[in-house]
Amino acid sequence: MGFDLNTGLESLKPDGEAWRSSAGQHYKLCRNTTEFGVCNWLVPEHDVQDYCPACRFNRTVPDQSKPDNRLLWWRMEQAKKRMLFGIYQLGLWPALGWTSADGLLFDFIEDGRSNWDFAETFVTTGFAGGIITLNILEANDVARKQAQEDMQERYRTLLGHFRHEVGHYFWGRFAENQAWLDRFRERFNDERGDYGQALETYYATGGDPKWYQKYISRYASAHPVEDWAESWAHYLHMMDALDTAHRQGFIRSDPFDADFDTKLRQWRSLSVALNELNRAVGHNDAYPFVIAEPIAKKLEFVHDTIAAANE
Ligand SMILES: [Zn+2]
Ligand SMILES: [Zn+2]
């Protein structure tokens, strides 16, 4: 089985040097499949690229001479690809700008906690200048859970990291349009204050104590652009969950055709059911968030922005 971005999962049979799908399409395997076994996306047979459309965005990958890194990288790729497929479904793939100088790139790196070659360093997840940096320790379940406890977070997942960070990438794209930026500031407040100072204050004080009235997460209260990245990530969570529920037959309407109010109503009831189901089998809530009205307005702004980008 392999994944084609345009047609979905394909079962494949070998055909000479290539692989053939049941519909007769010919593919080659991504170089990260043949060399490392960390990818399941396909490349059209005559594409000049060796890497699939998702692996092409990788700038730095974990050191594969260390055996443990293979599994961590594989998990990173799974989450990255789920995020990227969501971007594709929302019609935003071209804006990832793979061939452009300011397009998206990923650095998956290590620091002194997992690799003595980087003993003096401490790498945090983040976004700067088109590059999403993720510490591969986030793919280690114990390390991530420890970070979640230390930061007193309700939710911390690899997929959540990718969706949040790509939100920063898209913010930069949309903010090139002054009219959009004005509307953003009406909704999320002015982002031009000192970013470093805002985060320092957040980490010193723990943020707005009544954050849940206005923000989807505590961290969203740190700075308007963090609020955007969090809201963006939650819009992507909502769309993926609704799409999955639709495909599984739990809801009738296709979320990619539904208006915002319909989607929000469905997600509010579906997320409660999802949490109850998790409790029924002994897990914590899968979606430990409440979407208050001011937060819904921010999600609607994300929805409207994506709709406008598709016009
Ligand atoms: Zn690949
Ligand atoms: Zn952020």
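Annotation: the residues Ser269, Ser253, Ser221, Ser21, sorted from fewest to most other C-beta atoms within 10 Å of their own C-beta, follow the order Ser269, Ser253, Ser21, Ser221. Short to long, the 5 Å bins of the Cα pair-distance histogram for segment 54-156 hold 2, 11, 20, 24, 19, 14, 8, 2, 0 percent of all pairs.
Set the Förster distance to 25 Å, then compute FRET efficiency between Ser269 and Arg156 from the Cβ-Cβ distance, nearest 0.05. Before the final figure, lay out the partial values.
Details: r = 25 Å, r/R0 = 1.00.
Taking R0 as 25 Å, the efficiency between Ser269 and Arg156 is 0.50.
Taking chymotrypsin sites (Phe, Trp or Tyr not before Pro) across segment 118-193, the ones in a DSSP loop with at most 13 further Cβ atoms lying within 10 angstrom of their Cβ are Phe122. Restriction of the trypsin sites (Lys or Arg not before Pro) in segment 207-311 to DSSP coil positions whose beta-carbon has at most 13 other beta-carbons within 10 angstrom yields Lys210, Arg252.
Using just the helices of the chain, give the 222 nm mean residue ellipticity in deg cm²/dmol: DSSP H runs with n ≥ 4 each add -39,500 (n - 2.57), and the total is spread over all residues, rounded to 500. If you can, show how the numbers build up before the last one.
On the way: 9 runs with 137 residues, N = 311.
It lands at -14500 deg cm²/dmol.
Temperature 25 °C, viscosity 0.890 mPa s: under these conditions the Stokes-Einstein estimate for segment 1-53, based on its Kirkwood radius over C-alpha pairs, is 227 µm² per second.
The ranking of Ser271, Ser100 from fewest to most other beta carbons within 10 Å of each one's beta carbon is Ser100, Ser271.
For segment 236-253, putting each phi into the Karplus relation 6.51 cos²θ - 1.76 cosθ + 1.60 with θ = phi - 60° gives couplings of 5, 4, 4, 5, 5, 5, 5, 4, 5, 4, 5, 5, 8, x, 7, 10, 7, 7 Hz, in residue order, rounded to whole numbers and with x for Gly and Pro.
None of the figures in this text is laboratory data; all of them are computed from the coordinates on show. All values reported here derive from a predicted model rather than from experimental measurement. Counting neighbours? That spans all protein chains shown, and the Cβs are built from the backbone with ideal geometry, glycine included.
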